[in-house]
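Okay, structure first, notes after.
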Amino acid sequence: MILAKPRTFMNLSGKAVKPLLQGLRQTPDKLLVIHDDVDLTLGRIKLKYRGGDAGHKGIRSILEELGTDEFTRIRVGVGRPPIGQETADYVLNPFDPSEEEAVAREVEEAVAIVENLLKQD
């Protein structure tokens, strides 16, 4: 397992993911992407294989660069921004202290999912 955090802007994640997979001689089906998701409320996580970008520009970049949707994602809920706040500003701001417990549970759950996926190959 290799954990990578691209140095590209999030919206250009595919520009980092594609050469990483190529350099490791791995196929997209071995890729696991963990990303925020405004369509899920804070505290919810979903494991997903294949599919579209649902408006997530980083996932869109990966899909475009790889030319396939055959990779796994862990979608980490962050909830929707308040009315009038731009989504980009919302997801880049730190969590409110009242949300820290839910965030900690999400991290624990994401770690457990990754561990289970590794056990399954």
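Values for this structure:
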| quantity | calculated |
| --- | --- |
| Test: A110 is in contact with a strand residue (DSSP E or B) (Cβ under 9 Å, 6 or more places away or on another chain) and over 21 Å from K15 (Cβ atoms) | yes |
| Complete set of residues in segment 3-17 that are assigned to a loop (DSSP other than H, G, I, E, B) and more than 19 Å from E108 (Cα to Cα) | P6, R7, T8, F9 |
| Condition check for G14: of a type in the set (G, A, S), within 23 Å of S98 (Cα to Cα) and buried (at least 16 other Cβ atoms within 10 Å of the Cβ) | no |
| Matching residues in segment 39-56 - criterion: being within 20 Å of P82 (Cα to Cα) and either basic (K, R) or over 11 Å from the mean Cα position of the chain (by Cα) (or both) | D39, L40, T41, L42, G43, R44, A54, G55 |
| Sole exception among (1) on the phi < 0 side of the Ramachandran plot; (2) modelled with pLDDT under 95 for G84, by number | (1) |
| Residue count, segment 5-25 (criterion: more than 14 Å from G58 (Cβ to Cβ) and either basic (K, R) or touching a residue at least 60 places away in the same chain (Cβ under 8 Å) (or both)) | 1 |
| Close pairs from segment 64-85: first among the small types (G, A, S), partner exposed (fewer than 15 other Cβ atoms within 10 Å of the Cβ), Cβ under 6 Å, at least 6 apart | G77/T41; G79/T41 |
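The values are calculated or read from the model by the stated rules, or taken from the named source; none is laboratory data. On a predicted model such as this, the values are computed, not experimentally measured, just so you know. Backbone-built Cβ (ideal geometry, glycine too); neighbour counts: all protein chains shown.
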